[in-house]
Each structure stands twice: as structure tokens, then as C-alpha cells.
Amino acid sequence: MNKLTYKLSYYVLYAMFAAILVVMGLFYMGGEMATPIVPDMSNPANTDALLYLMYGLFGIAVVVTVIAFVFQFGTALKDNPMGAIKSLVGIILLVAVLVISWVMGSDETLVLPGYDGSENVPFWLKLTDMFLYTIYFLLAATVVAILGSSIKKKLS
């Protein structure tokens, strides 16, 4: 079974690489739109394809992460119930960071020349700020963890 899983993930990885290379090739070498949205700005013809690819990859990553977490939590719950409950601390902290960053987000409408879309509203602005603040926090936590791990390794 492990060999089958390895082969499947191997082929999926290379299929994803191929899709990424094709879309990136279309994006960078596919030319410009005939009528740009904002004059004097570059607007590649296949921007939509690149955005949809990123949405798809992000969605796949979220689904696979949630499925893996639920499967791992269920397995740990059978083997070590207390350890499984302790593993929820990370999820609870992530939810807390998301809620705090949502509250910190600005809902002030942006002035964007040439933009007439409907996404410049408080909900989307707060959501964008939430994701940005969460990324900053996770990046800082990663740097602190790397430094802490290095210092702990040197001291022991």
C-alpha cells in the first residue's frame, strides 16, 4: 500500500508541475490583452488562467491539509487520547490568530484608479488584512522557532 501511495503522489506531483509550467508559459509568453484595463499598465492575456491555477492549488492544499489533520487526529485519539487533545492547541491558536487579525483589519474603502469592481467593500478588505497579518505572524513564529531550535541545539 505504501508503494502505491508513493507512486500516486509521485505522479500527482509531476502532473501539478506540468500544469504549473504550462500556465506560467502561457502567462509569460502569451502576449498582452488587446485592450488593457488600465492604460499604460502591463496586462498579460492569460492572467485569469494563472489566478484559477492558484485558486485550485490553494483549495487542494486546504482540503488535503484538513483531511490529513482529521485522519491523524482520529488515529492519535485511538492510540493516545490525551496527546490528541493536546494536538488541538495548534488549531486553537491558529483560529485565535485569525480572529485577532480579523479584528485588527481595516474596513476603510481604498481609492483605486481605474477599478470599478465590487470587491472594494469592508468584508473583502478585512479578509485581505486578516490573511496578511496571519502570514506575518506565522512568518515571525517560524523565524523564532528556527532560532530557538538552533539555540537549544547549541546549548544541549
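Read-outs: derived from the displayed coordinates by stated rules, not from any lab. Here the structure is a predicted model, which means the values were calculated and not measured. With ideal geometry, Cβ positions are generated from the backbone for all residues, glycine too; neighbour counts draw on all protein chains shown.
Pairing residues of region 87-111 that are in contact (Cβ under 8 Å) with a residue 40 or more places away in the chain and hydrophobic (A, V, I, L, M, F, W, C) with residues that are surrounded by 11 or more Cβ atoms within 10 Å (Cβ to Cβ) and assigned to a helix (DSSP H, G or I), at Cβ distances under 6 Å and at least 6 apart in sequence or on separate chains, gives 97/134; 97/137.
Tell me the residue from 68, 45 that is within 26 Å of the chain's Cα centre (by Cα) and surrounded by 13 or more Cβ atoms within 10 Å (Cβ to Cβ), please.
Going through 68, 45 in turn, just one is within 26 Å of the chain's Cα centre (by Cα) and surrounded by 13 or more Cβ atoms within 10 Å (Cβ to Cβ): 45.
Among the residues making up region 88-119, those that are part of a loop (DSSP other than H, G, I, E, B) and touching a helix residue (DSSP H, G or I) at 6+ places or on another chain (Cβ under 8 Å) are 105, 106, 107, 108, 109, 110. Here region 87-134 is the region considered, the condition is being of a type in the set (Ser, Thr, Tyr) and surrounded by 10 or more Cβ atoms within 10 Å (Cβ to Cβ), and the residue that is farthest from residue 76 (Cα to Cα) is 115.
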